[in-house]
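Structure first, commentary second.
The values are calculated or read from the model by the stated rules, or taken from the named source; none is laboratory data. These figures come from a predicted structure and were not determined experimentally. Please note: Cβ atoms are built from the backbone with ideal geometry, for glycine as well, and neighbour counts cover all protein chains shown. Surface accessibility is based on the protein's heavy atoms, side chains included, excluding ligands, DNA and RNA. Shrake-Rupley method; radii C 1.70, N 1.55, O 1.52, S 1.80 Å.
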Amino acid sequence: MQNASTCSPLLSPALPPIDGDRLWRRLEDLAQFTRADMPWTRRAFSAEYQAARAWLRGAFEAAGLQVRLDAAGNLIGRRPGLRDDLKPLATGSHTDTVNAGGRFDGILGVLAGLEVAHALQDADITLKHPFEVIDFLCEEPSDYGISCVGSRAMAGQLSADMLAARDGQGDTLGQALQRLGARPEALAEADRRQDGFAAFVELHIEQGPVLEREGLDIGAVTDIVGIRRAQLFFEGRPDHAGTTPMNGRSDALVAAAIVIRQAQRLALQWSRSAPHYVVATVGRMNVSPNASNTVPGQVDLTLEVRSNHAPLLQEFWEILARRCGPAIGRLGVNWRVEPRTHVDPVACAPLIAAAVEQSAQRLGLGCRRMPSGAGHDAMYLAQTGHSGMIFIPCLDGRSHSAVEWASPGQVLAGTQVLAATLLSLDEQID
């Protein structure tokens with residue numbers, strides 16, 4: 001692994017020198033926009049998020065980018081090209097986090113793209129294509145149950161039903177967009193499918209242990225898993241926990257536990273026996289009345305299933321319902337499943353994976369091809385043109401955690417590969 005330096009000696013004169021120190025300072029600065037009581041938390045639409053967005057706009061402008069907020073709330077910095085009639089090359093990611101998330105997930109891709117733009121300005125290099133750096137709105141699952149809000153909109157997949165989705169306070173996603181300065185009534189303006197991108201490349205930490213275990217610097221991503229996410233509602237009957245016999249209860253939480261356990265068993269079974277990747281997770285739950293002396297009367301939770309095989313995503317839910325239905329019925333609990341989001345697996349563009357591999361080789365970095373088990377904005381950008389990803393290692397494979405970490409040298413290496421890949425694509429694509 002390389003160490004960070006102000007200007008990389010590995011880059012040929014044709015490539016802009018990447019300022020590793022400037023990039024690292026920006027990572028540290030942006031990470032400071034967090035809830036003080038829960039680092040590193042910067043939820044989309046929060047005060048911390050909006051303050052970070054204001055800081056980022058200034059950083060975009062300092063790099064010579066023309067900055068705008070599109071109708072879906074994506075913050076976009078643009079550098080004109082020698083041929084502004086061409087579709088733009090683009091890079092970016094997101095700056096929102098999960099609760100108690102990390103300092104690299106998302107913001108690395110945005111700030112690495114910003115550093116490439118700044119390096120182009122410093123070196124007075126103008127690409128053939130226009131170049132855009134994008135901070136996509138709300139990549140992480142929001143309080144409205146919708147993820148990848150900004151990139152969905154660019155792919156024409158942010159529906160009226162999604163805009164009407166409500167959080168726990170009854171606020172809609174559309175209202176949250178308006179407060180941010182976006183224009184949900186004009187979402188068609190954010191749709192990039194017709195004009196499209198020449199290519200989109202997203203740099204991200206791996207969020208897994210493969211690269212670190214194999215001692216490699218770079219992952220060239222081949223495909224991104226599909227995700228089906230739904231909200232499950234269980235309605236039983238709240239009763240006194242001391243005076244209600246066990247055989248007379250309609251316990252909504254016990255019913256929910258049946259689904260949670262069966263989802264785990266099914267995912268384990270298929271991951272061991274099937275050739276495809278599959279995981280299932282319940283990561284959010286509300287229990288009511290949520291009192292130690294009351295039988296739970298209502299539960300709602302979010303279950304998501306991920307796989308790189310589209311038919312499996314459908315079959316999983318069908319089998320889960322068959323396995324759980326009879327047992328829940330015997331409890332006297334009613335339950336229903338409301339789909340929230342569904343995206344099929346996406347293959348990354350072979351052109352981009354090859355350019356990433358060649359760029360890593362040129363820079364003397366170890367590289368392998370690999371899938372992504374996490375969803376990313378790049379999966380929606382595949383609807384707008386060539387789309388792909390670059391991974392760098394993260395410590396112990398940890399992510400969505402306050403201990404998430406990548407070293408300055410790893411960050412620099414990934415940004416160098418991003419720059420080299422973009423310049424290679426600039427030459428290859430008309």
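Descriptive notes on the structure:
- Highest GNM mean-square fluctuation among S307, S93, S250, for the chain modelled with Cα contacts below 10 Å: S250.
- Once the Cα atoms are used to define both axes, helix 47-62 deviates from the longest principal axis of the chain by about 10 degrees.
- With both labels modelled 7 Å from their Cα along Cα-to-Cβ, the Q169 to A36 distance reads 2.0 nm.
- Whole-number percent relative contact order across the stretch 104-195, with pairs defined as alpha carbons under 8 Å at least 6 apart: 19 percent
- Gaussian network model of the chain, springs between alpha carbon atoms under 10 Å - residue of A419, A72, A347 with greatest fluctuation: A347
- Near W405, once Lys and Arg are set to +1 and Asp and Glu to -1 for all other residues with Cβ below 9 Å from its Cβ, the sum equals 0.
- Each residue of the stretch 121-130 is assigned a 3J(HN,Hα), and the resulting list reads 5, 4, 8, 6, 9, 10, 6, 5, 8, x Hz, derived from the Karplus form 6.51 cos²θ - 1.76 cosθ + 1.60 (θ = phi - 60°), x at Gly and Pro.
- Options T294, A354, L211, ranked by Cα towards positive dipole end of the chain, top entry (Cβ charges): T294
- A54-R213 pseudo-label distance in nm [points 7 Å out on the Cα-to-Cβ vector]: 4.5 nm
- Peptides 348-358, 112-122, 255-265, 237-247 ranked from most to least packed give 112-122, 348-358, 255-265, 237-247, packing being the mean of other C-beta atoms within 10 angstrom over each peptide's residues.
- Protein heavy-atom surface of the chain, 1.4 angstrom probe: 48% of the accessible area is carbon and sulfur, with nucleic acids and ligands not counted.
- Rounded if a/c under 1.5, otherwise prolate or oblate - the stretch 226-343, Cα gyration tensor axes: prolate
- Entry comment: accessible area of the stretch 226-343 is 53 Å² per residue, from protein heavy atoms only and a probe of 1.4 Å.
- Ranking T341, T126 from most to least accessible surface, computed with a 1.4 Å probe over the protein chains only, gives T126, T341.
- Inter-centroid distance (Cα atoms) of the stretch 358-408 relative to the stretch 198-218, Å: 3 Å
- Entry for mean projected area of the Cα convex hull in nm² (calculated from the structure that is shown) out of [x] 29.0; [y] 20.8; [z] 23.7: [y]
- Extreme residue, positive dipole direction of the chain, given options L86, M285, T421 (C-beta unit charges): M285
- Sum of -39500 (n - 2.57) over DSSP H runs of 4+, divided by residues of the chain (222 nm, nearest 500): -11000 deg cm²/dmol
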